[in-house]
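Working notes, structure below.
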Amino acid sequence: MIRVEITDKRKQAFCRWLVSRGAELLAPSTAYEIARFRCADGVSVVAATAKGDLYFAGNGYHIWDCYLKGSAWRAFTKNKRKNKKGRSRLMTTVALRDGENCFYCHNPLHEDRSLEHLLSITFGGSNHLANLVLAHRECNEAAGNKSVREKLQIHIDNLGERHGGYH
Ligand SMILES: [Zn+2]
(Lines give C-alpha, C1' and ligand atoms only; values in the text may rest on other atoms or scores of the structure.)
Protein backbone atom coordinates (compact mmCIF):
# COMPACT_ATOMS: atom_id res chain seq x y z
CA MET A 1 0.00 0.00 0.00
CA ILE A 2 1.31 3.38 -0.99
CA ARG A 3 0.81 6.07 1.61
CA VAL A 4 1.34 9.74 0.88
CA GLU A 5 0.13 12.95 2.34
CA ILE A 6 -2.29 14.43 -0.16
CA THR A 7 -2.38 18.17 0.11
CA ASP A 8 -4.56 20.41 -2.03
CA LYS A 9 -1.42 21.66 -3.70
CA ARG A 10 -0.45 18.14 -4.62
CA LYS A 11 -3.91 17.40 -5.95
CA GLN A 12 -3.85 20.50 -8.09
CA ALA A 13 -0.39 19.72 -9.42
CA PHE A 14 -1.50 16.22 -10.42
CA CYS A 15 -4.66 17.55 -12.07
CA ARG A 16 -2.68 20.17 -13.96
CA TRP A 17 -0.30 17.45 -15.15
CA LEU A 18 -3.24 15.32 -16.30
CA VAL A 19 -4.70 18.20 -18.28
CA SER A 20 -1.32 19.03 -19.78
CA ARG A 21 -1.13 15.43 -21.01
CA GLY A 22 -4.53 15.68 -22.64
CA ALA A 23 -6.71 13.95 -20.04
CA GLU A 24 -10.27 15.10 -19.51
CA LEU A 25 -10.91 15.81 -15.84
CA LEU A 26 -14.23 14.58 -14.48
CA ALA A 27 -16.05 15.58 -11.32
CA PRO A 28 -14.88 13.44 -8.39
CA SER A 29 -17.62 11.16 -7.07
CA THR A 30 -16.28 11.08 -3.51
CA ALA A 31 -14.26 13.49 -1.43
CA TYR A 32 -11.42 10.98 -1.36
CA GLU A 33 -10.77 11.16 -5.05
CA ILE A 34 -7.69 13.10 -5.97
CA ALA A 35 -8.57 12.91 -9.63
CA ARG A 36 -11.12 11.20 -11.81
CA PHE A 37 -10.34 11.55 -15.47
CA ARG A 38 -10.89 10.16 -18.90
CA CYS A 39 -8.16 9.07 -21.28
CA ALA A 40 -7.85 6.74 -24.27
CA ASP A 41 -8.42 3.58 -22.24
CA GLY A 42 -11.43 4.89 -20.33
CA VAL A 43 -12.00 6.46 -16.96
CA SER A 44 -9.34 6.20 -14.27
CA VAL A 45 -9.33 7.29 -10.67
CA VAL A 46 -6.61 8.11 -8.19
CA ALA A 47 -7.94 8.42 -4.66
CA ALA A 48 -6.66 8.50 -1.11
CA THR A 49 -8.30 7.50 2.14
CA ALA A 50 -8.32 9.88 5.09
CA LYS A 51 -5.20 8.08 6.33
CA GLY A 52 -3.47 8.74 3.03
CA ASP A 53 -3.60 5.23 1.58
CA LEU A 54 -3.76 5.55 -2.15
CA TYR A 55 -6.08 3.49 -4.23
CA PHE A 56 -6.64 3.38 -7.92
CA ALA A 57 -9.24 2.46 -10.48
CA GLY A 58 -8.89 1.95 -14.20
CA ASN A 59 -5.37 2.70 -15.28
CA GLY A 60 -4.83 5.01 -12.32
CA TYR A 61 -1.87 3.23 -10.80
CA HIS A 62 0.13 3.26 -14.00
CA ILE A 63 -0.68 6.90 -14.68
CA TRP A 64 0.15 8.00 -11.14
CA ASP A 65 3.44 6.15 -11.50
CA CYS A 66 4.17 7.99 -14.77
CA TYR A 67 3.38 11.25 -13.01
CA LEU A 68 5.80 10.54 -10.17
CA LYS A 69 8.52 9.39 -12.52
CA GLY A 70 7.95 12.17 -15.01
CA SER A 71 7.51 9.60 -17.80
CA ALA A 72 6.13 10.44 -21.19
CA TRP A 73 2.49 9.53 -20.83
CA ARG A 74 -0.28 10.93 -23.01
CA ALA A 75 -3.97 10.55 -22.32
CA PHE A 76 -4.71 10.04 -26.00
CA THR A 77 -2.40 8.75 -28.68
CA LYS A 78 -4.57 10.07 -31.50
CA ASN A 79 -2.55 13.25 -31.94
CA LYS A 80 0.65 11.32 -32.10
CA ARG A 81 -0.66 9.19 -34.95
CA LYS A 82 -1.93 12.27 -36.71
CA ASN A 83 1.49 13.87 -36.33
CA LYS A 84 3.14 10.79 -37.75
CA LYS A 85 0.89 10.88 -40.76
CA GLY A 86 1.50 14.61 -41.13
CA ARG A 87 5.22 14.02 -40.93
CA SER A 88 5.28 11.42 -43.67
CA ARG A 89 3.19 13.72 -45.83
CA LEU A 90 5.68 16.53 -45.21
CA MET A 91 8.56 14.22 -46.13
CA THR A 92 6.88 13.37 -49.42
CA THR A 93 6.39 17.05 -50.17
CA VAL A 94 10.00 17.88 -49.38
CA ALA A 95 11.19 14.91 -51.47
CA LEU A 96 9.19 16.17 -54.43
CA ARG A 97 10.83 19.55 -54.06
CA ASP A 98 14.42 18.48 -53.28
CA GLY A 99 14.68 14.95 -54.64
CA GLU A 100 15.41 11.76 -52.74
CA ASN A 101 18.93 12.63 -51.63
CA CYS A 102 20.26 13.52 -48.21
CA PHE A 103 20.65 17.25 -47.68
CA TYR A 104 24.03 16.73 -45.99
CA CYS A 105 25.85 13.89 -47.76
CA HIS A 106 23.84 13.96 -51.00
CA ASN A 107 23.58 10.18 -51.12
CA PRO A 108 20.24 8.54 -51.84
CA LEU A 109 17.95 8.35 -48.83
CA HIS A 110 15.97 5.16 -49.50
CA GLU A 111 14.11 4.21 -46.32
CA ASP A 112 16.47 6.01 -43.99
CA ARG A 113 15.10 9.49 -44.18
CA SER A 114 14.25 12.00 -41.52
CA LEU A 115 13.00 15.55 -41.54
CA GLU A 116 15.72 18.00 -40.68
CA HIS A 117 14.84 21.46 -39.41
CA LEU A 118 17.45 23.86 -40.71
CA LEU A 119 16.66 26.18 -37.84
CA SER A 120 16.23 23.73 -34.96
CA ILE A 121 12.93 23.64 -33.14
CA THR A 122 14.87 24.43 -29.96
CA PHE A 123 15.93 27.71 -31.56
CA GLY A 124 12.40 28.55 -32.57
CA GLY A 125 12.46 26.86 -35.98
CA SER A 126 9.10 25.94 -37.43
CA ASN A 127 7.60 23.06 -39.38
CA HIS A 128 7.23 25.33 -42.36
CA LEU A 129 8.44 23.79 -45.62
CA ALA A 130 11.04 26.52 -46.04
CA ASN A 131 12.72 25.27 -42.87
CA LEU A 132 12.68 21.59 -43.80
CA VAL A 133 15.02 19.32 -45.68
CA LEU A 134 15.46 15.54 -45.76
CA ALA A 135 18.49 13.83 -44.35
CA HIS A 136 19.67 10.41 -43.25
CA ARG A 137 18.97 9.94 -39.58
CA GLU A 138 22.68 9.74 -38.88
CA CYS A 139 23.51 12.86 -40.90
CA ASN A 140 20.63 14.63 -39.20
CA GLU A 141 21.93 13.70 -35.78
CA ALA A 142 25.49 14.67 -36.68
CA ALA A 143 24.29 18.14 -37.63
CA GLY A 144 22.53 18.31 -34.27
CA ASN A 145 21.92 21.85 -33.15
CA LYS A 146 24.42 23.51 -35.44
CA SER A 147 23.51 26.92 -36.80
CA VAL A 148 21.79 27.26 -40.17
CA ARG A 149 24.99 28.67 -41.64
CA GLU A 150 27.02 25.67 -40.42
CA LYS A 151 24.43 23.28 -41.79
CA LEU A 152 24.46 24.95 -45.18
CA GLN A 153 28.24 24.77 -45.10
CA ILE A 154 28.11 20.97 -44.64
CA HIS A 155 25.70 20.79 -47.54
CA ILE A 156 27.99 22.86 -49.78
CA ASP A 157 31.22 21.16 -48.72
CA ASN A 158 29.84 17.71 -49.46
CA LEU A 159 28.40 18.89 -52.74
CA GLY A 160 31.89 20.02 -53.72
CA GLU A 161 33.37 16.64 -52.85
CA ARG A 162 30.70 14.79 -54.70
CA HIS A 163 31.29 16.69 -57.89
CA GLY A 164 35.05 16.51 -57.64
CA GLY A 165 35.35 19.91 -55.96
CA TYR A 166 34.55 23.39 -57.08
CA HIS A 167 37.34 25.01 -55.09
ZN1 LIG B 1 23.26 11.60 -45.42
Seminar exercise, completed: Checked pairs for the stretch 28-41, first acidic (Asp, Glu), second not in a loop (DSSP other than H, G, I, E, B), C-beta under 6 Å and 6 or more apart or across chains, list as Glu33/Val45; Glu33/Ala47
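Quickly run through the stretch 129-152 and pick out the residues that are polar (S, T, N, Q) and more than 11 Å from the ligand (Cβ to nearest atom). Lay out the reasoning, then the answer.
Just the residues of the stretch 129-152 that are polar (S, T, N, Q), to begin with: 131, 140, 145, 147.
Residues satisfying the conditions are Asn131, Asn145, Ser147.
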For this session: Check the stretch 88-101 and report whether any residue there is within 30 Å of Gly42 (Cα to Cα) and away from the ligand (no atom under 16 Å from the Cβ).
Result: yes
For this session: Please find, among Ser114, Ser126, the residue that is of a type outside the set (Lys, Arg) and either within 12 Å of Met91 (Cβ to Cβ) or within 10 Å of the ligand (Cβ to nearest atom) (or both).
Result: Ser114
Seminar exercise, completed: Of the candidates Ser44, Ser120, the one satisfying the condition of being over 24 Å from Trp17 (Cβ atoms), more than 16 Å from the ligand (Cβ to nearest atom) and either modelled with pLDDT under 90 or polar (S, T, N, Q) (or both) is Ser120
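So which of His155, His106 ends up being at positive phi, within 16 Å of the ligand (Cβ to nearest atom), touching a residue at least 40 places away in the same chain (Cβ under 8 Å) and surrounded by 13 or more Cβ atoms within 10 Å (Cβ to Cβ)? So that I can check it myself, show each step before the final result.
Working: His155 fails: at positive phi.
The unique qualifying residue is His106.
The values are calculated or read from the model by the stated rules, or taken from the named source; none is laboratory data. Note that this is a predicted model, so its numbers are computed, not measured. Every residue, glycine among them, receives a Cβ derived from its backbone with ideal geometry; neighbour counts consider all protein chains shown.
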